[in-house]
Amino acid sequence: MRQSPNNVRFNDLCAVCDNYFGDALQRGSSHRVYKTPWLDNPRINIQNNKGKAKAYQVKQVLMAVERLEIGDKLWH
């Protein structure tokens, strides 16, 4: 995903988000919204673009996952 954010399937990104952020708050065929634990950035929105995830949203998800894994304290 990091090496090729332009070539990530939407369903694969959904699986990552489901794993780290739980069930989507909003589910549609074209997009999903996930809640995060942070006040400064409370949601992650991902969109389906012909079966692929949008590259900038893949990068946002990866940064949020890193933030969860490393710890929130390093981000403030």
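The values are calculated or read from the model by the stated rules, or taken from the named source; none is laboratory data. Because the structure is predicted, anything quoted here is derived from the model rather than measured. When we count neighbours, we look across all protein chains shown, and the Cβ atoms used for this are built from the backbone with ideal geometry, even at glycine.
The set of residues from region 49-60 being assigned to a strand (DSSP E or B) and either under 15 Å from ASP18 (Cα atoms) or within 10 Å of the chain's Cα centre (by Cα) (or both) comprises just one member, ALA53.
Scanning region 1-39 for residues that are acidic (Asp, Glu) and more than 10 Å from the chain's Cα centre (by Cα), we see that the one that is farthest from GLN60 (Cα to Cα) is ASP23.
Take the conditions (1) surrounded by fewer than 15 Cβ atoms within 10 Å (Cβ to Cβ); (2) at negative phi; PHE21 misses just one of them, which is (1). Among the residues making up region 34-73, those that are of a type in the set (Val, Ile, Thr), more than 16 Å from ARG9 (Cβ to Cβ) and touching a strand residue (DSSP E or B) at 6+ places or on another chain (Cβ under 8 Å) are THR36, ILE44. Does any residue of region 65-73 turn out to be at positive phi, surrounded by fewer than 11 Cβ atoms within 10 Å (Cβ to Cβ) and either β-branched (Val, Ile, Thr) or in contact with a Lys or Arg (Cβ under 7 Å, 6 or more places away or on another chain) (or both)? Within region 65-73, not a single residue is at positive phi, surrounded by fewer than 11 Cβ atoms within 10 Å (Cβ to Cβ) and either β-branched (Val, Ile, Thr) or in contact with a Lys or Arg (Cβ under 7 Å, 6 or more places away or on another chain) (or both). Looking only at region 1-33, residues that are closer than 17 Å to GLU69 by Cα and either in contact with a Gly (Cβ under 6 Å, 6 or more places away or on another chain) or among the hydroxyl-bearing types (Ser, Thr, Tyr) (or both) come to 1 in all. Across region 1-48, the number of residues qualifying as among the charged types (D, E, K, R), in contact (Cβ under 8 Å) with a residue 24 or more places away in the chain and not in a loop (DSSP other than H, G, I, E, B) comes to 2. Screening THR36 on (1) surrounded by 13 or more Cβ atoms within 10 Å (Cβ to Cβ); (2) modelled with pLDDT of 95 or more shows it passes everything except condition (2).
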